[in-house]
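Down below is the structure, laid out as structure tokens.
Read-outs throughout are calculated quantities, based only on the coordinates presented, and are distinct from any laboratory measurement. Everything quoted here is computed from the prediction, not taken from an experiment. Neighbour counts run over all protein chains shown; Cβ positions are idealised from the backbone, glycine included.
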Amino acid sequence: MAPKTRTIGRRTMLRGMVAGSSFVVGLPVLEAMLDTRGLAYADGSPIEPVFMSYSWGSGVGNLDGLFDHWTPTGVGEDWELSPNLSGLAAHKEYLTPVSNMRPYVSGGHHELRATVFSGQHRQNDSYNGNGAYQGLGSDRPSIDQYIADRVQANGDDSPFHSLVLCMSDVGRHYNSIGRGHSFSWRENFTLLTPETSPEALYQQLFSGFSPDPEQGGLSPEAEVELKALDAILGSANHLRARVGTYDRQRLDAHLQGLYETEKAIEELAKITCELPTEPDGSYPPNAASVEPLIAKNIAFSKLIAQAFSCGLTRSIQYMFCGMQADPVISDVGATDGIHLLSHNDLSGSGDSQPEMIDAVATYIMDRLADTLTELRAVEIGDGNLLDHACIMVASEMMDGRRHSGNDGTPMMLIGKAGGRLRSGYHYRPADDAPSTVRNTSNVLLTAMQAMGLDDTTIDGGLAEDPGGPIDELLLEV
Amino acid sequence: MKVRSIALSLVLLTGCYSGGGQLDPSGGADGTDGDGADGGADGDADGGEDDSAGEGSDDDDGGWAVGTTPMRRLTRAQFVQSVRDLLAIPQWVPQTDLPDEGVNEEEFQLPNMVASTVTTTPVGYNRYRIAAKEASALAFATDEAMVARLGCSPTGPQDACVVDYLVVASERAFSRAISQDDPVLLALQDVVVDATERLGSVRLGLQWAMTSLLQSPEFLYFYPVDDGAGGIDAYSKARSLALMFRDSIPDDALLAHARDGSLDDPELLDLEIDRLIAEMIDDPTQRGAVQRFFDEWWSMTVVEAVGKDPDAFPEFDDALRTAMKQELELWLQDILFERDLDFRSVLVSDRMFVNNDLAALYGIAGEFDDELVAVELSADSPRSGLLSSAAFLSVMSHPALTSPAARGRFVTERLLCLSIPPPPASVDTTVPPPEKAETKRDRFSRHTTDPTCAACHQMMDPMGLSLEEFDAIGRFRREETVFFEGESYELPLDTTGELNGVAFADSKEMAVAVSEDPGFARCVTHQLLRHTLGRALSPGEATAVNELEQGFVDGDMSFVDLMREVARHRITNSFTEAE
């Protein structure tokens, strides 16, 4: 597949298809096809917004009111960035910090992650049908998966249901392998292992498929691969006839992956899109758990921007690092991992820990700023990707040293979601506001509404029910 | 020393199980799970993650019937080795990450033990797909490569040369008979015909057919076939043995014995087991599956992912880390295969393997270069095996500091298979900050004065604190460096303790106590059996554990013999249908 000359948004391109043959058009994208505000096509169909949840484990350095370097000052439209958010200054018009929210659940990393990212958590440990411990999680899918499910059910034909990515590779192998290393999961708390390699993501998105734009259809290789995938069903049927109920569900999960792959091959064949530059080199951690995260994040961010702008997916979960993971951020002078820094009894370096955690939090937001810069560089309509994105930013807890939901949750929405989402705004309910108002699930619901879903509540079985989407942050389109 | 067999009853003492070597045979699948989310190597408790220990039953927790034969997904290592052997690409290493194989730290169930529980997500499926395409493209890269694999030169996509290859490949990959009209075979033949037509060569046709085969559930999952008499059929025995001894699919001999049903003959089954063991002893390249069992059981798979504080340990680099891992492999194979020693030698060893870097770290005098060589340990050496190896001590430490909790918990949970329940949710699990210049033992002791905490801590702290003799990369020390109010102090270490009534003065004596604890022999039996079956054990299977353990301790405590007995035991070759 030879590189194409210019990037073009997929849905725009689809509307430029004639009788099954696609063509490549230079940017700026077909302004004549857009309505006057650039938020919809001339025929009235909207440019669909894209969703991303951005997360990191163990919170920010905000211990015991020593300092609060996370929460912005001022509220509404008149607000100032906090020290942790200072690196995002160039993107302030797209930011909507949501402060003083709480998940209303007791517990540690795992209960809080489940609640903040899905609105629900499982009350007890559970075991799956073959007797395996599944841990504390959620029976609802995480927000990125929920939104992907809903937009696909509403007829979205993106080749990839969703993507799950992680910047840091540290924590994947160490300690509880995998259990804390994801902010994305399916029903019944099946965690989705994130992709940690930009190279592998590139392969998955751009190399594994071979559409034939010259013919406007599937390439011979793609036709053969579909045949090869169909051939797998015989083996699945043979096994399915013999195994028990639970194992049949596992086989069905396997086949779900097969069906999604087939769909991706078919849908990708309809897309004409510039191939991004292949990431050069890999980014493994060294013997001190230090990784080249600045470069790695930019490599990932370019691919994220391309995946969105080419219409490859509508939902991405991107995490900086997992919970209880120990990447060492040497760029800010840390010699201990992030999780260790949050346990003063374990660190041996003598780092001034609240300050070091604080510096790491600022660093994480700086990386987010780099990601936003890449998204903003992609033109869509008469705006950019951030105008058409809804990004939910959160860690599962405010401060890893206390790991309690009672301290609030660092959260933020970013982007305009095609005009549905207010931005450049600091939403902060009062300390004495009722639980219905301060509920973190309200932020999930706001994101869902911004993505065009009609959800007004989440039955999370939590101590306190959410009040609903935050009206103040939602705009009529 | 003769080890007694211990009845399988649980004794509940203030939240902790106690008593030498008592073991929950279900490995926690009944709710007796251990610590929360942090897993084995951390040891701090981030909140009461789990519900209370020691309650519930299998049926309450998801309806898992006793001893049911589950469908196992190949572990990553099994997938890679099976693909290599099937396609004759022995050097192949997948460029893509394979699906997460899962691990259950809480119940010290390792990848192969949770193989019956993992589910493939769409992301995981795509990884299999990419790996399958990679491997097939490598195996059928040229016409010469194709002819080498087929043993003949096909004239067309429906040539007998092609069909014969597909029959044997799918028979081997799926471990079942493949008839000429099997739907799977016909579908693969269709792929060859279609691809040959579209892409212009039989070679590419075969490449795509094998890509399909590698993504087939019968290859990626192993579900034995019922022989109708409570056992598994000959083909299933072949794959079970291949997985246990080779992490792979059946070799030619196993396949032939499966095909003619001769593996159903117990005498021939024994001969095949003996053959697999003999090959393992004679040929170091055949030991990968056994090495991986130990790497997983002892968390040594992560040695090369361990990071250390460069200020504290400037010498800790990639080369040292690699040497640590290699040392453990050479040392273990020396005990298991070269010398076939009493298995307790893994804790009480007279020999280590060092190169120049490791000799410096261990304080061993002599001339060494990059090559790892065996050195006999002197009687006054503080080292004696796994627990004093640099690899173990580095993994079970933080970047700058040791972790007595992680090390102690490893001894209790991994080596003795005792579950330590998580701390009650109401308890503050933070180790108190130093009040003065004091050792970790001093701080721990203030932390554990609460009797509800003490019972559990007593099960792990003494072992972990005796290992304070070794720093976070495994260097021997007599003093602990303690920071307090900006000053550093060198404080003498107290390494004494007690394990189930056996007192020890230092970590070397501690290792002896662990090796002679009845729980140790029982634990290795239990772990190997779960690993072999690819599942947790149900309480009804305690008899099998007892039998195997008894044979092990009554014999020479040879691990190779234990493998033989597990392989031929009825539990390994039985079948119970799932609901």
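Quick notes
- A Cβ-based charge dipole, computed about the Cα centre of segment B:72-222 with Lys and Arg at +1 and Asp and Glu at -1, lands at about 160 debye.
- About its Cα centre, the dipole of segment B:291-516 is roughly 720 debye, where the only charges are +1 on Lys and Arg Cβ and -1 on Asp and Glu Cβ.
- Legend: calculated FRET efficiency, A:Asp78 to A:Glu274, from the Cβ-Cβ distance at R0 = 45 Å, rounded to 0.05, equals 0.65.
- Average beta carbon contacts from partner chains per residue of A:247-259, 10 Å cutoff: 6
- Label-point separation in nm, B:Ala503 to B:Gln326, each point 7 Å along Cα→Cβ: 4.4 nm
- Expressed in units of 2.2 N^0.38 Å, where N is the residue count, the Cα radius of gyration of segment B:72-222 is 1.09.
- With the charge dipole of segment B:291-516 set up from +1 on Lys and Arg Cβ and -1 on Asp and Glu Cβ about the Cα centre, the Cα lying farthest toward the positive end among the listed residues B:Asn500, B:Val303, B:Met324 is that of B:Asn500.
- Inter-part distance where segment B:354-424 and segment B:529-564 are each reduced to a Cα centre, Å: 27 Å
- With the convex hull constructed from alpha-carbon coordinates only, segment B:457-508 shows a mean projected area of 4.3 nm² over all directions.
- Other protein chain Cβ atoms within 10 Å, averaged over every residue that makes up B:528-536: 1
- Cross-link partners of A:Lys302 among lysines, defined as those whose alpha carbon lies under 25 angstrom from its own and excluding same-chain residues fewer than eight positions apart: A:Lys4, A:Lys92, A:Lys263, A:Lys270, A:Lys416.
- Placing pseudo-labels 7 Å out from each Cα toward the beta carbon at B:Arg339 and B:Asp260 gives an inter-label distance of 4.2 nm.
- Placing unit charges on each Cβ (+1 for Lys and Arg, -1 for Asp and Glu) gives segment B:291-516 a dipole about its Cα centre, and among B:Phe483, B:Met352, B:Leu418 the Cα reaching farthest toward its positive end belongs to B:Leu418.
- Order of A:Thr362, B:Thr69 under a 10 Å beta carbon neighbour criterion, fewest first: A:Thr362, B:Thr69
- 10 Å Cβ neighbours from other chains, averaged over peptide A:280-289: 4
- The shape of segment B:291-516 can be summarised by an equivalent ellipsoid whose semi-axes, obtained from the alpha carbon gyration tensor, come to 29, 21, 16 Å from longest to shortest.
- When the Cα positions of A:Val98, A:Leu81, A:His110 are compared along the charge dipole of segment A:58-117, A:His110 comes out farthest toward the positive end, with charges on each C-beta of Lys, Arg, Asp and Glu.
- Residue-count net charge about A:Ile364 - beta-carbon cut-off 12 Å; Lys, Arg +1, Asp, Glu -1: -3
- Protection proxy ranking, peptides B:117-127, A:254-264, average beta carbon neighbours within 10 Å, highest first: B:117-127, A:254-264
- The label point for A:Asp252 and the one for B:Ala137, both projected 7 Å from the Cα toward the Cβ, are 3.5 nm apart.
- For segment A:402-447 and segment B:123-142, distance of Cα centres in Å: 44 Å
- Segment B:291-516 - percent relative contact order, Cα under 8 Å, separation 6 or more: 20 percent
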